[in-house]
Amino acid sequence: MAGTQKKNAKGRLDRYYHLAKEKGYRARSSFKILQINQKYGHFLEKSKVVIDLCAAPGSWCQVAAQLCPVNSLIVGVDIVPIKPIPNCITFQSDITTEDCKSKLRGHLKTWKADTVLHDGAPNVGLNWVQDAYTQSHLTLQALRLAVEHLAAGGTFVTKVFRSRDYNNLVWVFRQLFDKVEATKPPASRNVSAEIFVVCKGFKAPKKLDPRLLDPKEVFEELPEGPVNNEAKVFNPEVKKRKRDGYDEGDYTLFHPMALLDWVRQEEDVINTLGSVSKFEIDENSDEWKLLRRMKDTTPEFLECCKDLKVLGKKDFRMLIKWRKHARLVLDLDDEKEEKQIEVEELTEEQKIDQEIEEMKEKIRLKQKREKRRKNEARQQEIQRMQMNMLTDMQIGIDAGQIGSESLFNLKLAEKTGQLNELARGKKSMVFTGEDLIRDNDIVVDEHQAVESGDELDNLEDQLNSMYQQYKEAKMERDAKLRAKAARGGDDEEWEGIEDRQSEVDSDEAVEESESESDIDSDDDEAINKLIATIEKKKKGGLSKTASNFFGDSIFEGVEEVSADNEKPQQESAKQEFAEQAVSEQPASKSSESESESESESDASELESESESESETEPDFELVSGSGDSLPHKQEVDLATVEAMTLAQQLALGQKSKKDLIDDGFNKYSFREKEGLPDWFLEDEEKHSKINRPITKEAALALKEKMKQLNARPIKKVMEAVGRKKLRAIKRLEKIKKKSDLIAEDDSKSELDKAKEIQALASKLGKKKKTKPKVTVVVARGSHKGLSGRPKGVKGKYKMVDGVMKNEMRALKRIEKKRKKKGKK
Ligand SMILES: C[S@@+](CC[C@H](N)C(=O)[O-])C[C@H]1O[C@@H](n2cnc3c(N)ncnc32)[C@H](O)[C@@H]1O
């Protein structure tokens, strides 16, 4: 009985014990080797020769006999006899002896072992240090046998104790094996200090340094250095436990010292202070009589000397100060010459060098930061890609970012107001004076431009650039504005043919393009726009709106047609129409592209006429919309109900080009704009437009279109879907892992495993139960005193009223009382 209790108390009769019994193993430790074998690539299944050192009672041999290939040689040895095991050779011997060595050689003959197992545990229980040492010693002996018998690439599994020798042992293993790993199989009790080291890939060295297997060499300990007690003085509050026990030959905790000895001490003063328990004073000494009269020799000081172990930092400081004074009084301190450190002044060159070094360091750090940031971004992108979260919408974002950091960053140039200068520079680069005279009769005089920049202009420029910045910031914030800008400001009103032309002729055309480049942060696009405007200027091109209009896909290929069907007689009328229609109906430009039937023919005529006209009048030439200069024009869409209405009207023939021309003339057409600041004009534009009629059909068509657009998965939705997917995959993987573990667990029966895996799988499929929504109906008004379902309330509902709370409480109280009574 007592024996059983003892076993139970140690928790010996655990599930592995029962399982071992069930499976016919002689010891529960069989599961340790089973688990190790499973974890480290089933080496037993590949071993034809296995040596089991310290094998009794023989469960590891049993496992080996089960797992190794048929006809494998399994040899087990132990200091105690082992009952015969089928398909195993066992003998009794001490593995540390020569006898064991020779017997083993006799059994193996010329064979080399694929695996050597060692689960040896000496008779433990004497004392911890002794046990650990004996264990380590035994392990080294096992290793000696393993080295003698293992084949190259073989495996050695050994038990070791977690002791101070552990690291030394592992170091030795590492010299002899390719891979060394420590493991604690689940079957090994947590309370046990044992762990197992699995050494794979025996290197089979031809020559072996005998010191590697010599316990004296391997476990030799370094002599311990002097004890440093200074910490006890500097940080007396932090008490460090001394786990090593007493120092050799010193079995007391109380260490007194003569105070005068400490005063006379030359070295290790603080260390002594940390180790001494009490300073003893020889009252009769002449020196003390001298020191006693010192101002610092206070009753407090004397009290501190009695027990140094309880002193704090302040007290120690006082003692050290006292000692310093005492040494002066006793004339113990020689006046040492204080070494003077001469600080040499840095020369100018050195200073510069130093500065350069500092700057270099700064740059290096910055680059490092930058690199790290980029790496992180790339990493994030890869992750997103893996999660299928990268959508079309992200393409080019990074490129844009890279562009924004590049040397030729136009956005930066805009911000600093350099873009104007840049544009001027481009102009002078692109146009020769002759070109300008021939094309426009206008010569851009750089000198004049520079000289005319008086203070007022500067102020104006500053204000303008500030306004540009403001617009830009607003644009970044406001998606609507961005969309508007992308449409090329299609809400602009027509400002009359003359006005536009003058604008085209003036420098503002370039500035317009600059403001356009504000909209798009992409540098390439900005450059394209800039060049397009310059080209336009070179050719005496159309205004922005006009080029937008003719840039539409509807005019593609019109050139060839116009070349064939030249109609010079209609030139002037068509040109007039073109310009008017364009400037009047900027918003409808794309609508016209949709109303193919009528507008196509109109436009082709228009184009052909414009073409022919351009030959005679170089001031007016169409800018191809298909060019890179106006990339967004291809995407121009019917974004307003007015545009849609107009498009439909044109398509149905309800409106003709003449109507368009007529519409072009309104009270805002010829407004004076010269000299007015941008911000004012922009503000005015909001109100300076005529109200165009809209139709229900157009509104419905646009609504339908928007619906379709909204139905497309946007970036955020894609991301959320990706996240959800990832979570699901993770969950699945987790469950997979768990079920793998369950499946591999030999300690469970197949039925148990199946049940557990099923339970896991059912968890995966389960949806979170959503509680049915309960509608709370307040018993007020028409609902007062209502019995049954209130009108218009579907699903679950609950009637509540003011007194309900009290009633509920009362009911609870009664219930409680009832229960109490029932108990009694
Ligand atoms: C934990 S048991 C081994 C259990 C064994 N692996 C099994 O599963 O059956 C430890 C064994 O090491 C043996 N042993 C201890 N010192 C030994 C030595 N010097 N030579 C041989 N065997 C030794 C003990 O007799 C004991 O049977």
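Below, the figures for the structure above:
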{"read-out": "Estimated vicinal HN-Hα couplings, Hz - the range 29-43 in sequence order (Karplus 6.51, -1.76, 1.60; Gly, Pro = x)", "value": "5, 4, 5, 5, 5, 4, 5, 5, 4, 5, 6, 10, x, 6, 5"}
{"read-out": "For Val778, residues with placed amide H under 5 Å, excluding near neighbours", "value": "Val800"}
{"read-out": "Whole-number Å³ per residue for the convex hull built on Cα positions in the range 714-765", "value": "48 Å³"}
{"read-out": "Flagged links, alpha-carbon separation over 31 Å, of Lys763/Lys817; Lys471/Lys724; Lys763/Lys816; Lys724/Lys773; Lys655/Lys686", "value": "Lys763/Lys817; Lys471/Lys724; Lys763/Lys816"}
{"read-out": "Pairs from Lys83/Lys179; Lys112/Lys737; Lys179/Lys207; Lys32/Lys755; Lys46/Lys730; Lys23/Lys755 whose Cα-Cα separation, in the structure shown, is over 28 Å", "value": "Lys83/Lys179; Lys112/Lys737; Lys46/Lys730"}
{"read-out": "Whole-number accessible area per residue in Å² for the range 248-311, which is evaluated in the context of all protein chains at 1.4 Å", "value": "63 Å²"}
{"read-out": "Percent RCO, i.e. relative contact order, over the range 14-219, from Cα pairs under 8 Å lying at least 6 residues apart", "value": "17 percent"}
{"read-out": "Per-q log10 I(q)/I(0), the range 703-789, q = 0.24, 0.25 Å⁻¹ (Debye; single scatterer per alpha-carbon; no solvent)", "value": "-1.14, -1.17"}
{"read-out": "Residue-normalised accessible area of the range 714-765, given per residue in Å² at a 1.4 Å probe", "value": "78 Å²"}
{"read-out": "Shape parameters for the range 14-219, alpha-carbon atoms, Rg then Dmax in Å", "value": "15.7, 47"}
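The values are calculated or read from the model by the stated rules, or taken from the named source; none is laboratory data. None of the values given here were measured: they were computed from a predicted structure. These area figures cover heavy atoms from the full protein model, side chains too; ligands, DNA and RNA do not enter into them. Shrake-Rupley method; radii C 1.70, N 1.55, O 1.52, S 1.80 Å.
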